[in-house]
Amino acid sequence: MNTIIPKPVAVTTTTGTFKITAATNISVEPGSDEVTAIGDELAERLRRATGYPLPVQATAAPSAGRIHLTTGGDAALGEEGYELTIASDSVTLTAHRPAGLFYGIQTIRQLLPAAAEQSTAHPGSWALPAGTIRDYPRFAWRGAMLDVARHFFGVADVKRYIDLIAAYKLNRLHLHLSDDQGWRIWINSWPNLAEHGGSTAVGGGSGGYYTQADYAEIVAYAQRRYIMIIPEIDLPGHTNAALASYPELNCDDAAPPLYTGIEVGFSTLCPDKAITYQFVDDVVRELAALTPGPYLHIGGDEAQATNHDDYIRFIERFQQIVQGHGKRMIGWEEVSQAELSPSSVVQYWHNPIVGQAARRGTKVIVSPADRLYLDMKYDSSTPLGLNWAGYVDVQHAYAWDPATQIPGVSESDILGVEAPVWTETLETMHDLEFMAFPRLLGCAEIGWSPAAARNWDDYRLRLAAHGPRLAAQGVNFNRVESIPWR
Ligand code: TNX
């Protein structure tokens with residue numbers, strides 16, 4: 001029980017093991033489709049490597065030979081907490097809400113040998129160590145971000161990323177859906193955005209975009225894994241792909257060519273045209289309709305080509321538009337200069353200006369570039385990635401605390417943490433995995449585990465045990481030398 005990531009709140013070990021055999025059942029509380037689905041998810045996972053039948057049955061109480069899943073546990077566990085009791089004859093997983101059961105089964109996975117993560121059946125010793133775990137998260141927002149604009153990642157890749165992050169109890173996936181180099185979501189009222197604006201990528205590749213059906217499929221897939229998708233359309237800068245697709249969005253009515261380089265800060269929407277706001281309203285309306293979650297991210301970063309006063313007016317107007325479609329606006333730290341509602345959220349990346357927004361009640365997502373930008377190189381020898389925020393080795397990405405990171409921003413101002421992966425230099429899932437793993441596990445632990453429970457020396461030993469688990473799932477993780485991989 002001492003290699004779990006993120007580290008649980010409280011663990012008590014006893015003696016003995018619960019052995020999963022061909023006779024083991026999974027039982028779920030009667031009358032809840034959602035709990036049954038979580039039981040099915042556990043069963044499917046365990047069936048792959050063990051080859052056992054593991055039937056899922058509805059029964060009201062735990063009994064011998066069973067792994068029992070039930071809600072109705074202690075309300076103090078909150079929306080996402082769980083309690084797991086493993087005895088030699090049975091396993092009981094209890095939560096207040098279904099999300100807690102989902103996180104409990106991620107813990108059960110980690111208590112089995114790494115071979116349980118393989119996708120084909122083989123003989124093994126499928127034993128869970130006896131003991132009790134009581135566990136719940138520190139922060140409500142535990143996110144990953146994927147830039148699908150600089151290089152496009154298709155539905156299958158995004159689903160794989162969702163599965164990998166869910167295993168570490170992350171609950172948000174922010175998709176950066178537009179940038180200078182590409183527009184990646186079909187918008188019915190502005191079809192050329194995806195058609196033309198989505199037709200290329202950094203380096204001049206063929207790009208791509210999600211149809212609205214693709215996008216809905218991603219949202220539903222994530223929802224079943226208790227992950228909320230946060231769509232981002234980056235405005236008013238980072239808009240070359242949109243400007244190239246519609247001449248009328250440009251102040252001079254001339255569409256620029258598509259852009260495949262990696263410079264930032266040269267594009268802007270035109271502040272003085274009514275059609276600019278019609279465009280934003282249409283895009284926000286269509287995205288809001290595809291988004292069950294409460295948030296829409298409007299970017300707002302690096303608008304160097306937008307005059308300051310225009311920038312402030314833009315952000316305040318975007319906020320009204322987002323709210324008009326029933327959503328809460330998120331923006332990168334620069335939006336802190338505008339008048340924000342307490343319901344809006346700012347995302348820190350390197351400027352303590354977010355303290356201004358926090359003082360007025362706006363919550364903060366903490367994504368320090370020099371800690372959590374997983375597109376930063378690990379060190380000077382990393383073949384992929386950038387280094388404008390420095391090198392981010394595994395220890396540096398882990399050994400810091402969100403509550404003391406930003407002057408003027410304390411624990412109660414913070415919604416949580418998020419680890420972005422920008423993809424200027426990353427073209428494939430293989431590339432993405434090398435940069436995200438193992439550093440993303442550190443972000444997961446920072447978001448979930450109590451600050452006092454975390455320290456690097458203990459973490460690096462736990463992380464070492466995850467090498468074989470990641471390998472069993474075929475993850476291309478970076479086997480950095482500071483970790484004594486098993
Ligand atoms: C900064 S951080 C950006 C992105 C780049 C990233 C590369 C932020 C909000 N903007 O446009 O992709 O650096 O690391």
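Every number here is computed from the coordinates shown, using simple stated rules; none is lab data. If you're wondering where the values come from, they're calculated on a predicted model, not measured in any experiment. Note that each Cβ is placed from the backbone with ideal geometry, even for glycine, and that neighbours are counted across all protein chains shown.
Here is the figure for the stretch 350-397: residues that are under 18 Å from Trp141 (Cβ atoms) and in contact (Cβ under 8 Å) with a residue 60 or more places away in the chain total 4.
Looking only at residues in the stretch 144-180 that are in contact with a Ser or Thr (Cβ under 6 Å, 6 or more places away or on another chain) and assigned to a loop (DSSP other than H, G, I, E, B), which one is nearest to the ligand (Cβ to nearest atom)? The extreme case among them is Arg150. The single condition among (1) among the basic types (Lys, Arg); (2) within 26 Å of the chain's Cα centre (by Cα); (3) closer than 14 Å to Arg317 by Cα that Lys273 does not satisfy is (2).
Among the residues in the stretch 412-431, are any under 20 Å from Asn351 (Cβ atoms), among the charged types (D, E, K, R) and more than 17 Å from the chain's Cα centre (by Cα)? Full working, then the answer.
Taking the stretch 412-431 and keeping what is under 20 Å from Asn351 (Cβ atoms), we get 413-420, 422.
Among the residues that remain, those that are also among the charged types (D, E, K, R) are: 413, 418.
Then drop every residue that is not more than 17 Å from the chain's Cα centre (by Cα), which leaves 413.
Yes: the stretch 412-431 contains one or more residues that are under 20 Å from Asn351 (Cβ atoms), among the charged types (D, E, K, R) and more than 17 Å from the chain's Cα centre (by Cα).
Applying the criterion of being in a loop (DSSP other than H, G, I, E, B) and among the charged types (D, E, K, R) to the residues of the stretch 389-441, the residue that is nearest to the ligand (Cβ to nearest atom) is Glu424.
Only a single criterion out of (1) away from the ligand (no atom under 16 Å from the Cβ); (2) surrounded by fewer than 22 Cβ atoms within 10 Å (Cβ to Cβ); (3) not aromatic (Phe, Trp, Tyr) is not satisfied by Gly203, namely (1).
Give the residue, chosen from Ala115, Ala130, Ala144, that is in contact (Cβ under 8 Å) with a residue 40 or more places away in the chain and closer than 30 Å to Thr423 by Cβ.
Ala144
Being more than 20 Å from the chain's Cα centre (by Cα) and either within 20 Å of Ser343 (Cα to Cα) or assigned to a loop (DSSP other than H, G, I, E, B) (or both) is the filter here; which residues of the stretch 379-388 pass it? Across the stretch 379-388, the qualifying residues are Asp379, Ser380, Ser381, Thr382, Pro383, Leu384, Asn387, Trp388. For the stretch 350-362, the count of residues that are assigned to a helix (DSSP H, G or I), of a type in the set (Lys, Arg) and within 16 Å of the ligand (Cβ to nearest atom) is zero. Listed conditions (1) buried (at least 24 other Cβ atoms within 10 Å of the Cβ); (2) within 13 Å of the ligand (Cβ to nearest atom) are all met by Phe318, apart from (2). The single condition from (1) without any contact (Cβ under 8 Å) to a residue 60 or more places away in the chain; (2) hydroxyl-bearing (Ser, Thr, Tyr); (3) farther than 28 Å from Gly81 by Cα that Thr404 fails is (3).
Can you name the residue in the stretch 328-344 that is part of a strand (DSSP E or B) and within 14 Å of the ligand (Cβ to nearest atom) and, of all such residues, is farthest from Thr425 (Cα to Cα)?
So, considering only residues that are part of a strand (DSSP E or B) and within 14 Å of the ligand (Cβ to nearest atom), the one farthest from Thr425 (Cα to Cα) is Ile330.
In this structure, Ser119 does not qualify as more than 16 Å from the ligand (Cβ to nearest atom), surrounded by fewer than 21 Cβ atoms within 10 Å (Cβ to Cβ) and farther than 30 Å from Asp375 by Cα.
Of all residues in the stretch 400-411 being surrounded by fewer than 21 Cβ atoms within 10 Å (Cβ to Cβ) and closer than 18 Å to Pro137 by Cα, which is farthest from the chain's Cα centre (by Cα)? Going through the qualifying residues, I end up with Ser410. When residues in the stretch 66-96 are screened for being surrounded by 15 or more Cβ atoms within 10 Å (Cβ to Cβ), out of contact with any Gly (no Cβ under 6 Å at 6 or more places or on another chain) and among the small types (Gly, Ala, Ser), 4 of them pass. Pull up the stretch 209-237, narrow it to residues that are in contact with a Lys or Arg (Cβ under 9 Å, 6 or more places away or on another chain) and surrounded by fewer than 19 Cβ atoms within 10 Å (Cβ to Cβ), then point me to the one that is nearest to Pro271 (Cα to Cα). The qualifying residue nearest to Pro271 (Cα to Cα) is Met228.
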